[in-house]
Structure formats: C-alpha cells, structure tokens
Amino acid sequence: MPKMDTQTILTKVSDFMNTRVPFQQLLGFEITEFNPARGELKFQWKDELLGNVPQRILHGGVTATALDTAGGLVAIAGMIDRLEDPSESYLMERLSRCGTIDLRVDFLRPGRGKTFIASATIIRSGNKVAVARMELHNEEGTHIAFGTGTYLVG
C-alpha cells in the first residue's frame, strides 16, 4: 500500500466527509478547516433544520451535531498527525475505531442566522483519547452554543 503525508491524508478525509457522508450532506455541512490545531465546518440555514417552528430557531440536535462534528475533526486530525507515514489500509482501520465518548452542549442563545460556523480546538490529544472545546456562531459572530467533546482516537 502507498504511504501518504499528513496533509494528503487530511485532504482526503475532508473530501470524503464533505461528499460521501450522507448525514453531513443532509444537514449541509461543509468542512472548511481540518488540522491538528483547529476544526471548522459551515452550514447554511434551511427550513428543514427548524426545531422551534413559531420562533424559527435551529434544532438543538443540529447544533449538537455540528459541535460534535467539529470536535471530531480536530481530534481525528491530531491522531493523523501523530501517525508516521501510515499506509491507507492502516489509516482506514484507525479511522474506523474513532468515535464520540462524551459530548456536553451548553445552549447560550437561540440558533438564528443565515450561516452557522462550528469550530473546535483541542484541549488534550492523547494516543487513545482526545478532548476538544467547540463553539457555534452565526455569520454575525453571535455565540449560540459551546461544548466539550471526548473522542476515542486509538
């Protein structure tokens, strides 16, 4: 199997998530930043994401999913960065074992806006577990929610 450098891996994983993960496509998520220091995704408002119809507020589950996805991005990027010249098969095996262990979401304001940006930074990146801090803002910079996620990465 051919070996890949970290940036090539991050690009391939990002492309895969942007084009081949059905739930992310349904929600309209687009990964815009994916590296060991920061993960970010954006999505546009659409009526299908309504949680509170009379007030036209983003569904809390969409908020939690966006935060979880951003946290997972930065956790996975840290894991990939620690791998030394991995083969594609080894990388796929490692990625298949990644997942969310714990997620905490604090909702600060109603989810209103045209564009939403979920970002994450790493708090701790270990061989087996990573912890990330996430935030969701709208296009005006209004802080809608924040969260902490713990991820299995090894």
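The values are calculated or read from the model by the stated rules, or taken from the named source; none is laboratory data. Please read all numbers here as calculations on a predicted model, not as lab measurements. As a convention, Cβ positions derive from the backbone with ideal geometry for all residues, glycine included, and neighbour counts pool all protein chains shown. What goes into the accessible areas is simple: the full protein's heavy atoms, side chains included, and nothing from ligands, DNA or RNA. Shrake-Rupley method; radii C 1.70, N 1.55, O 1.52, S 1.80 Å.
Taking GluC sites (Glu not before Pro) in DSSP loop states with no more than 16 other Cβ atoms inside 10 Å as exposed sites, the chain has its longest site-free stretch at 1-83. Expressed as a whole percent, the accessible area of the chain that falls on carbon and sulfur atoms is 52 (1.4 Å probe).
The angle separating the long axis of helix 60-82 from the principal Cα axis of greatest extent in the chain is about 20 degrees. Given R0 = 41 Å, the distance between the Cβ atoms of Q55 and F16 translates into a calculated FRET efficiency of 0.70. The slack between L26 and E48, meaning 0.36 nm per residue of separation minus the straight C-alpha distance, is 7.0 nm. What's the angle, to the nearest 10 degrees (0 to 90), between helix 6-20's Cα axis and the longest principal axis of the chain? Between helix and principal axis, roughly 40 degrees. Prolate is the label for the range 69-140. Its Cα gyration tensor axes, ordered a ≥ b ≥ c, give a/c of at least 1.5 and a/b above b/c.
Loop exposure criterion: trypsin sites (Lys or Arg not before Pro), DSSP state outside H, G, I, E and B, at most 12 other Cβ atoms within 10 Å. Applied to the chain, the longest stretch between such sites is 47-96. The calculated FRET efficiency for D5 paired with I123, based on their beta-carbon distance and R0 = 25 Å, is about 0.45.
Remark: the chain carries 52 Å² of accessible area per residue (probe radius 1.4 Å; ligands, DNA and RNA excluded). Backbone amide hydrogens, once placed in the peptide plane, bring I144 within less than 5 Å of L136, H137, N138, excluding anything fewer than 5 places away on its chain. Close amide H contacts of V153 (hydrogens built in the peptide plane, cut-off under 5 Å, sequence separation of 5 or more or a different chain): V129, A130.
For the range 1-45, a/c is not less than 1.5, where a ≥ b ≥ c are the root eigenvalues of the C-alpha gyration tensor, and a/b does not top b/c. That puts it in the oblate class. Every helix of 4 or more DSSP H residues in the chain counts as -39500 (n - 2.57), and over all residues that averages to -11000 deg cm²/dmol at 222 nm.
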